[in-house]
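Chemist: I have a structure here, written as structure tokens, and I will follow up with some questions on it.
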Amino acid sequence: MECLHGRVSYASWRLRVFRRLFLPSLEISGQRTISRRTITSSTSQNESYPKSQSQPNHDANAKPATDDGTKPLRLSQTLPQSPFMTSVHPQLLKQHKKRTPTHEDLEDLRRNPWAMALASPPRMCSVTAVRVPRTLMSDWGMVQHPDTKELWFLPVGLLKDELSSAARNEPQTGSDSASKPTPEGQNIRHLRLRIVDRLPVLRKMTRALRSSRSKSAVPRLIPFRWKHPHGPLTSREEKQIVWREDMPGFVLSKMRADALKQLKHACRRYKHPDAADGVWTTFSLEEYTEAAVVEGLRGLGLIERMECGAVLVMGILDDNSTATTERESDDETMPHVLGTLPEFVTLPQVQSKVPVFELAQLFSEDELEEIWGFDSRFQSPALVFRPNDKITVNAMLALWKLKGFVRHDPICETPAGSN
């Protein structure tokens, strides 16, 4: 292939350019000839063509000489390489590489409830559209009523024990075909929604659904991919979805029951308070103030991994007096009023903040008396609860979810003890 009126062919010109690209810098500085293709006349071609032929041919075979006698690099090694294949700074690659975590490092993370909560995958709330860790949310689904066949929209994540016992007793109630679950009921059992655990959100949802003019406004909560004809729900089932009118109080009672069960399980796991494992450590409390809590923590000394725990205030002081609510107390200077403690307190040993759980605010009176009578450690004014395994981590997260559920709620109605 040759270009008309050109002095060299395209193949020769390309080969000459590549040869010059791979020449060492010393040889390039000695040769300043420019190799380019131009369209010239016959006269200028005859004058310039011999000069191009007079260039030495050994440039391509020339090898750069090194002073230290090392083997020269290959031409392919001198080309720039992609940073996706090699590091831009290979000398820093080994310095900034993270070390492989040891078994002790992983165990510390597994025993840290806050690390376990943040390690759960984030999911989107179906009501508020916020994305929070999955551990801090509740699973909601539809449960079919055995008599009316209506679909009740309930927090199935808090009803695992009731639903499992009902599923075990279902084959024993009858052997006829009428008692068997319908195919529609089987299809909706796996449908789950996630809603953030906030009592004000449930109150607003209940008021909005109650004041709606529509006959059934609950299907608005159902995703579009579940509805007919795209999803497993039929048009008849969408009209059968029921929302409890007392949903805020119902969910609050179930979350209290779950936290109470987890707390009892952790108490049975570690029976001895003030032991060397440091799961339960009691301390005295003379009044309901932040300074009194910090002073009581200072007297405990240093406890291993105490920054992963929390402070539980039981509502009993050293003089065997119980704390009261602000509505029950007329004296503003009374140091036994609930709600005066901060949500977090700084540990004087490690200068780390830990949450403060006032059990008299989180539980009802009947549940609080049940906690006091369950074990003697709960009769102390306050104690430090530091998780040490999966059971205690679940108990801590249950208390944290309950506190987050009633946070920023001005009403916080206390359901009856039988609810």
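Chemist: Can you work out the PRE-style zone for Ser376? Point 7 Å along Cα to Cβ, and I want the residues of segment 279-303 with backbone N under 20 Å.
Modeler: Residues passing the 20 Å test: 279-285.
Chemist: Order by neighbour count: Thr234, Thr102, fewest other Cβ atoms within 10 Å first, most last.
Modeler: Lowest count first: Thr102, Thr234.
Chemist: Would you please give the FRET efficiency between Asp105 and Arg134, computed as 1/(1 + (r/R0)^6) with r the Cβ-Cβ distance and R0 = 25 Å, to the nearest 0.05?
Modeler: 0.60
Chemist: Given labels modelled 7 Å from the Cα in the Cβ direction, how far is it in nm from Ala115 to Arg19?
Modeler: 6.5
Chemist: To continue, here is another question. Taking H placed 1.01 Å from N in the peptide plane, check which residues at least 5 places from Asp197 or on another chain put their amide H under 5 Å from its amide H.
Modeler: Amide H neighbours of Asp197, under 5 Å, 5+ apart: Ser138.
Chemist: Using modelled amide H (1.01 Å from N, peptide plane; none on Pro or chain starts), what sits under 5 Å from the amide H of Glu150, excluding residues fewer than 5 places away?
Modeler: Long-range HN contacts for Glu150: His145.
Chemist: Can you work out the PRE-style zone for Met124? Point 7 Å along Cα to Cβ, and I want the residues of segment 130-156 with backbone N under 11 Å.
Modeler: 130-131
Chemist: Between Asp409 and Lys271, how many nm apart are label points set 7 Å from Cα along the C-beta direction?
Modeler: Simple spin-label model gives 3.6 nm for this pair.
Chemist: I've got another one for you. Alpha carbon centre of segment 240-291 versus segment 123-139: separation in Å?
Modeler: Using only Cα atoms to place each centre, the spacing works out to 22 Å.
Chemist: Between Leu191 and Ala166, what is 0.36 nm times their sequence separation minus the Cα-Cα distance? Round to one decimal in nm.
Modeler: Between Leu191 and Ala166, full extension yields 7.2 nm more.
Chemist: Which value in nm describes the separation of the simple spin-label points at Leu75 and Thr340, placed 7 Å from the Cα toward the beta carbon?
Modeler: Roughly 8.7 nm, to one decimal.
Chemist: Tabulate in residue order the Karplus-calculated ³J(HN,Hα) for segment 257-272, using 6.51 cos²θ - 1.76 cosθ + 1.60 with θ = phi - 60°, rounded to whole Hz; enter x for Gly and Pro.
Modeler: 5, 5, 5, 5, 5, 5, 5, 5, 4, 5, 5, 5, 5, 10, 7, 9
Chemist: Starting from the amide H of Val345, placed 1.01 Å from N in the peptide plane, find each other amide H under 5 Å away whose residue is 5 or more places distant or on another chain.
Modeler: Residues meeting the criterion, in which the H sits 1.01 Å from N, are Val354, Val356.
Chemist: Oh, and also: Relative to the present Cα-Cα distance, how much length would full extension add between Phe84 and Glu245 at 0.36 nm per residue of separation?
Modeler: Full extension from Phe84 to Glu245 adds 52.1 nm.
The numbers here are math on the coordinates, done by the rules we state, and not lab data. Keep in mind the model is a prediction, meaning the values are calculated, not measured. Heads up, the Cβs are rebuilt from the backbone with ideal geometry, glycines too, and the neighbour counts pull from every protein chain shown.
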